[in-house]
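What follows is a set of notes on a single structure, which appears directly below.
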Amino acid sequence: MSLLLPSNRIHPALPSHPEPPQQGGHAKVTGAARYAFDAALPGMLHAKVLRSPHPHARIRGIDTAKAAALPGVVAIVTGADARALALPTYGFTIQDQPVIAIDKVRHVGEAVVAVAARDERTALAALALVDVDYDPLPALPDPAAALAPGAPLLFEEPQPGFALPVGAGSTSRKEPAPNVLYEYTYTRGGVDAALDRADHVFTDSFAFSAINHYHLEPHVNVARFEDGRLELWSSNQDPFMLRADLSRIFGMPDTDIRVHTPLIGGGFGGKSYCKMEPLVALIAQKARRPVRLALTLDESILTLTKHAAELTLTTAVGADGRLLARRADIVLDGGAYCDASVMVALKTGFRIAGAYHWDALDVRSRVVRTTKVPAGSFRGFGGTQASYASECQMDMIAHRLGIDPYDLRVMNFLGPDEPFAPGDSAIDSDLKGGLDEVCTRLGYRAPKKAGHGFGLAVGIKDGGGTGNHAGAIVKVSQSGRITVLAATAEIGQGAGTTLCSIAADVLGLDAADARYGAIDTDVTPLNNGTHVSCGTVVTGSAVAEAAASVREEILAFAAEQLQCAPADLALEGWAVRRNGALHPLEPMVRGYYGGQGFAFTAYGHVKVPYDDGAPLRSQNLFWMPCWTGAEVSVDRETGRVTVHRLVVGSDAGRIISRRACEGQVAGAAIQAYGQAMFESLRYTPALQPENATPWTYRVAQAADLPEHFEVFVTEHMRGPGPGGLKGIGEAGMLSIAAAIGNAIEDATGVRVNAMPFSPEAVLAALDAADPA
Amino acid sequence: MTLTVSFTINGAPVSTAVHPETVLADVIRDEFQLVGCKVGCDQAVCGACTVLVDRIPMAACSTFAFEAEGRDIVTIEGLARPDGTLSAVQRAFLDVQGFQCGFCTGGLILLVTALLERDPDPDRATITDWLGSAVCRCTGYLAIIEAVETAARLNREVAA
C-alpha cells in the first residue's frame, strides 16, 4: 500500500497519448451493453411503490387487505416492516431517511407502500386498492419558513448519526437548531478587522435553483435473499458504500451481502449514496423471491434534486481591487432528508473562497430541512453553488470599482504552488493560463457587437475526495492479456478504458487486449465509490501500483526460468529481453504451469492520508478548474437571452483519452447551461412538484446548444495521478451559469438574480432596474 | 383478453399473443429479449426506446404492440450485418465516441439511421431538429452531432 499525496511538482511531459481503445464501446453501438435495468432472475417479481400525495402528513392507517387479495400479489411492505429492521433509516452520516415511510411523510413522492407481484401491471393494480389515511401537517416550503420561530418540526427527536469530523479552522455540527440538519463553519484571519479596515465592503445575495439529474436509466435494483445472503444488482454507483449501508440496516455481516454493479445508464450524483436499495431488499426478504424495482423517470425526479441555495457574500476589497476578506452565509435547502447534504454543506462552505488569495475568511454553511424532495449529490456538489455566487460577485465588484473583470481575477488568483488554504495543498493548474485561453477563443479583446455582452467566470473545486482509498487487482494471463478489477463503476465516464490504459502503459502491453472486470463486491477490491472525479487518480494510482507489482512478478518468474537476475531482464511486449535475445513468455509460462496456463496477479492499494491540519481533515488531492467565457445578447422587449458563444475549458493534468475528457467537460457544461437558461424543478404554493414529469421537466436538447459551443482541455502536468493525471468529470459544471449571468450584466447593465435566466426573470430584472 | 400480432423483427417473421394495452417495448424486451431497446422516460420524450417501424423511428414505449401488426420492426440488434460489420451510423458513433453511458445510444443510432435514409447530407439545423426526439444527458450533444456528420460522410464514401 502507498500513500497518495497531492503533487507538488510538474511531471515531465510524456508523448501525447494515442486515443485508447474503448472498453465496451462496441457493445453500446450494437445493443449488447447490459445495465442493471436489464438484470433478470428466474422467478423474479416486480415491485411498484405508492407515494405520498402530501408534503407533510401523519399516517393514521394503511389498509392493504384488498390489495393483498388480488391474484398475483406476493408481498406488501409498509413502515411496519421497516420498523422491524436493525436500523430502519439511512443517510450519509445522519441516518434520518426511513427505508419506507414510518408514521409520517415529509415530501410529495415519499414511498409509503410497496407491492411485489407477478408483473408490474398487477403491482400497479394492487396499489390502486390500497387505502392510506393521512392527517396533513403544515408544510415547510423553504428554509426561511423552516427557520422561522415556532415553525413546525420535521423531526421531533434527534436522528441517528454523527457530525463528520473536520480539520483546522473548521467546525461541524449535527442538528444544531430546529429544522437545521447540519452546520459547517470555517474561519481564518480576522474578518471583522478586515471589514473595518477595507476601502470597500460589498454584500450581495445570490439564489441558486434546484434541478433534477434526469439520468435516462431510472433508479433500478434487483434483489434476492437466498441461503442467508442478500444479493443485489444495482444501478447505484457506490457498491461498497451500499454494502455497508445494507449491513447496518439488515444487521447482517457485510460479507453476507453481495452487490453487482453492471453498466450504469447515467447518474451525475443521482445514483450515489443509498436510495431505495434497502426497500427492494426488504421486499425480496418478505416475498422470499427475487424482486425487481425499476422506478419511472417521474419517480426518479421525486427521489433526489440538487440543492437550491441562498448565498450571502460580504467581501472586503482594497482600493486597488485586491480581495482582503469574505464572510459567507450559505443556506442550502436540503429537502426532507439528509442523503448527502452534510457533504454538500461542507463542500459549499469550503469552496466559497474560490481560486483567490484571502487574508481572512468567515464561512457558515447550513442545510435546512424542508418538506420537499430530498437534495443530495449532483456533479460537483457545493462547487456549483459556491462558484456561481463567488464568480457573479467578482464581476459585480469589478464593475463597481471600474476594473475589467479579467484583471480583477488575474490580480487575485492563487498562483501555481500556492495553497488553497493554510494547511491545504497547492493549486496545481495555471489559472491565468486557462483564462487567457478562454479570452483568446472568445475574442474577449475584440470589439463587441452592438447589444452583445461578454462574461467570464473561473470555477474551482477540490477533487479526489477526503481521505479516500482504493484497491485494484491487475491480472496478466499466459498470453499477455490484462484484466483489471476495481470498484469504480462504468457510468459513462470511460472508467474501464482509462484504468485499462493505465495498466497497459505500466506493463507495455496492448490496451486493446485489456478487459475491465465486472464489479462484484465478493471479488472486486474495495474503494470509496464512484465520486468526486476520483476514479482516474485514486483508483488509477492503485491500478498503476498493482500493474507495477505484476510486472515484477512476471520478471521474477522469467528470471527463474532463465536462471538470471530479474534486473538482467526487460519486459518487451509479451516477451523478456536478455542481452539482446528476446524470450517469448507464453511458452515459458505454459512450460512451467501446464496447459491451463496461469495469471500473474497483484493487488495495489492507495490511501489519501488524513491530516488534521487541513480544513477538511485531508489535504485535497488535486484542484479542478473550470474556465468559462460567454457571449450573449438580450432582447429587451421579451427578455430572451441568446448565448452566441460558450467556451469552456478545464485541466486534466495529463490526457489519456482526449475525446473522453472533452466529452466530460461538454456534457457537464450543457447540464449547467440548461440550469442557467431554462431548467428547474418547480413547486406550486401547496408544495406539489409542478413539472416532475418527462413532458414538463425540460432538459437541454441538441437544438438548445449555444450558436457556438467550444470545449478545451489542457495538460498542466501537475496532478498526483500517474504521469500527472487529475480527474475532470465534474469540472465543466462549475462556472457556466456565472459566466452567462455576467455576460447578461455586461450586455444590459442589469444583474439577474434568479435562476434560470428565463425571459420572465430577465424581463423582471430589466423592469426593476428601469421602471420607466 | 389477448390478441395475436404478427410482424417481422430484424428480418424474422414472428407471432405473439399480447394484451391490448401491452406496449411494443415490453414485447421487444420481454418476449424477444432484444434488450438493446431501453426504456428511459416511458413517455416518448427521451428516445432511448426508439425502433424503426417500416423504417420510421417510433418510441416503442408508447406504441401499442398491436400497432406492429404486419409491420417491419428493426431494433439496434438488427442494424449490423450478419457477419458483424457495423452500419455506417454505428461505425461513426463508435469512432467519434458519440456516447458516454450508452443508455440512449441504440435509440439515437436508429433515429439517425432514419434521418440519413431521408436526407443523406443533412445540414446542422436539420440534424439538431431531428435530434429533438431524443435526449442525451451525458454528452452535451457535440459528439453526437459529429457522429451524424461522420456517418453521412461514411455513407457518401461508400456510395462514391
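The values are calculated or read from the model by the stated rules, or taken from the named source; none is laboratory data. Fair warning: this is a prediction, and the values are worked out from it, not measured in the lab. Heads up, the Cβs are rebuilt from the backbone with ideal geometry, glycines too, and the neighbour counts pull from every protein chain shown. To get the accessible areas, we keep the full protein, side chains included, count just its heavy atoms, and leave off ligands, DNA and RNA. Shrake-Rupley method; radii C 1.70, N 1.55, O 1.52, S 1.80 Å.
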**Request:** Within the stretch A:446-465, work out how many residues are of a type in the set (Val, Ile, Thr) and either free of Cβ contacts under 8 Å to residues at least 40 places away in the same chain or not assigned by TED's automatic domain parsing to the domain that holds A:Arg751 (or both).
**Result:** 0
**Request:** Looking at (1) surrounded by fewer than 23 Cβ atoms within 10 Å (Cβ to Cβ); (2) part of a helix (DSSP H, G or I); (3) assigned by TED's automatic domain parsing to the domain that holds B:Ala12, find the lone condition where B:Gln43 falls short.
**Result:** (2)
**Request:** Looking only at the stretch B:103-114, decide whether some residue is buried (at least 18 other Cβ atoms within 10 Å of the Cβ), facing chain A (nearest Cβ under 9 Å) and part of a loop (DSSP other than H, G, I, E, B).
**Result:** yes
**Prompt:** Where residues in the stretch A:665-688 are in contact with a helix residue (DSSP H, G or I) (Cβ under 9 Å, 6 or more places away or on another chain) and either open to solvent by 30 Å² or more (accessible area, probe 1.4 Å) or hydroxyl-bearing (Ser, Thr, Tyr) (or both), which of them is nearest to the other protein chains (Cβ to nearest Cβ)?
**Reply:** A:Tyr673
**Prompt:** Among the residues of the stretch A:458-476, which ones are closer than 30 Å to A:Tyr603 by Cβ and either part of a loop (DSSP other than H, G, I, E, B) or of a type outside the set (Gly, Ala, Ser) (or both)?
**Reply:** A:Asp462, A:Gly464, A:Gly465, A:Thr466, A:Gly467, A:Asn468, A:His469, A:Ile473, A:Val474, A:Lys475, A:Val476
**Prompt:** Going through the stretch B:39-50 one residue at a time, which ones are within 17 Å of A:Ala33 (Cα to Cα) and either at the interface with chain A (Cβ under 7 Å from one of its Cβ atoms) or β-branched (Val, Ile, Thr) (or both)?
**Reply:** B:Val39, B:Gly40, B:Ala48, B:Thr50
**Complete:** Screening A:Ala114, A:Ala163, A:Ala146, A:Ala126 for residues that are assigned to a helix (DSSP H, G or I) and within 32 Å of the chain's Cα centre (by Cα) leaves only A:Ala146
**Asked** Quick one: how many residues across the stretch A:2-40 are surrounded by fewer than 17 Cβ atoms within 10 Å (Cβ to Cβ) and at pLDDT 95 or above?
**Response** 5
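The rows are residues; the columns are (1) among the small types (Gly, Ala, Ser); (2) open to solvent by less than 50 Å² (accessible area, probe 1.4 Å).
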| position | (1), (2) |
| --- | --- |
| A:Pro566 | no, no |
| A:Leu569 | no, yes |
| A:Pro584 | no, no |
| A:Met588 | no, yes |
| A:Ala602 | yes, yes |
**Asked** Of all residues in the stretch A:289-341, which are open to solvent by less than 10 Å² (accessible area, probe 1.4 Å) and either assigned to a helix (DSSP H, G or I) or of a type in the set (S, T, N, Q) (or both)?
**Response** A:Leu297, A:Ser300, A:Ile301, A:Thr305, A:Thr315, A:Ser341
**Asked** Within the stretch A:464-493, restricting attention to residues that are small (Gly, Ala, Ser) and at pLDDT below 95, which residue is nearest to B:Cys101 (Cα to Cα)?
**Response** A:Gly492
**Message:** Quick check on the stretch B:122-160: of everything there that is of a type outside the set (A, V, I, L, M, F, W, C) and not in a helix (DSSP H, G or I), which residue is most open to solvent (accessible area, probe 1.4 Å)?
**Reply:** B:Asp123
**Prompt:** Which one is least open to solvent (accessible area, probe 1.4 Å) among residues in the stretch B:65-102 that are in a helix (DSSP H, G or I), within 11 Å of chain A (Cβ to nearest Cβ) and small (Gly, Ala, Ser)?
**Reply:** B:Ala92
**Asked** Inside the stretch A:647-664, can you point out the residues that are within 12 Å of another protein chain (Cβ to nearest Cβ) and surrounded by fewer than 24 Cβ atoms within 10 Å (Cβ to Cβ)?
**Response** A:Ser657, A:Arg658, A:Arg659
**Request:** Mind telling me which of the residues B:Glu69, B:Glu149 ends up being at pLDDT 95 or above and assigned by TED's automatic domain parsing to the domain that holds B:Val35?
**Result:** B:Glu69
**Message:** Against the conditions (1) crowded, with 17+ Cβ neighbours inside 10 Å; (2) of a type outside the set (Asp, Glu); (3) closer than 22 Å to A:Asn620 by Cα, where does A:Pro165 fall short? Just the number, please.
**Reply:** (1)
**Message:** On the basis of being outside the structural domain of A:Glu553 (by TED's automatic domain parsing), touching a helix residue (DSSP H, G or I) at 6+ places or on another chain (Cβ under 6 Å) and open to solvent by 10 Å² or more (accessible area, probe 1.4 Å), does A:Pro405 make the cut?
**Reply:** yes
**Complete:** Residues of the stretch A:389-402 being farther than 15 Å from A:Ser205 by Cβ and open to solvent by 20 Å² or more (accessible area, probe 1.4 Å), in sequence order, are A:His399, A:Arg400, A:Leu401, A:Gly402
**Prompt:** So, in the stretch B:27-38, of the ones that are more than 8 Å from chain A (Cβ to nearest Cβ) and part of a loop (DSSP other than H, G, I, E, B), which residue ends up surrounded by the fewest Cβ atoms within 10 Å (Cβ to Cβ)?
**Reply:** B:Gln33
**Item:** Only one of A:Ser549, A:Ser541 that is in contact with a strand residue (DSSP E or B) (Cβ under 9 Å, 6 or more places away or on another chain), open to solvent by 20 Å² or more (accessible area, probe 1.4 Å) and of a type in the set (Ser, Thr, Tyr)
**Value:** A:Ser549
**Message:** Every residue in the stretch A:477-504 that is β-branched (Val, Ile, Thr) and in a helix (DSSP H, G or I), please.
**Reply:** A:Thr497, A:Thr498, A:Ile502
**Complete:** The residue that is most open to solvent (accessible area, probe 1.4 Å), considering only those in the stretch A:43-52 that are in a loop (DSSP other than H, G, I, E, B) and more than 14 Å from every other protein chain (Cβ to nearest Cβ), is A:Gly43
